[in-house]
Amino acid sequence: MKYITDLWLGKVTLGKTYWYLILFQILYSYLTIYYMLEGSLAFYIFADITGVVISFFILPCVWRSANNFKGEKIWPFLSKITVVLNVGWQLYSAFFKFIFN
């Protein structure tokens, strides 16, 4: 439980936190591809809700860890750009693509 608290507060290193984000993205992509092959609406809803919940956790963790990073300034900048692009993509795929389609 302490590790999760440290992760949330940005006390875990930026490298580890960022790789958690990457692993989450790979897992979420796998679940999305599995849904396309399986075609189960219940599985799609489960994967979508799980993705949103994990995103609400891991994206602030990456942002806070980038704020606490003491190395080269490029890595926190790139990490925050990744978070912003991720949120933008999620907004597009959840909301905007249905409006602008």
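The values are calculated or read from the model by the stated rules, or taken from the named source; none is laboratory data. Remember, predicted model here, so these are calculated numbers, not experimental data. Because the Cβ atoms are built from the backbone with ideal geometry, glycine has one as well, and the counts that use them run over all protein chains shown.
Here are some notes:
- Odd one out for T17, checked against (1) within 18 Å of S93 (Cβ to Cβ); (2) within 14 Å of the chain's Cα centre (by Cα); (3) of a type in the set (S, T, N, Q): (1)
- Residue list for the stretch 48-92, filter: aromatic (F, W, Y) and either within 9 Å of the chain's Cα centre (by Cα) or farther than 22 Å from L27 by Cβ (or both): F56, F57, F69, W75, F77
- Considering residues of the stretch 20-47 that are small (G, A, S) and over 13 Å from the mean Cα position of the chain (by Cα) only, the residue modelled with the lowest pLDDT: G39
- In the stretch 36-47, residue nearest to Q25 (Cα to Cα) [restricted to those that are assigned to a helix (DSSP H, G or I) and of a type outside the set (A, V, I, L, M, F, W, C)]: Y44
- Of all residues in the stretch 52-101, those satisfying the criterion of being of a type in the set (G, A, S) and either surrounded by 13 or more Cβ atoms within 10 Å (Cβ to Cβ) or in a helix (DSSP H, G or I) (or both) are S55, S65, A66, S79, G88, S93, A94.
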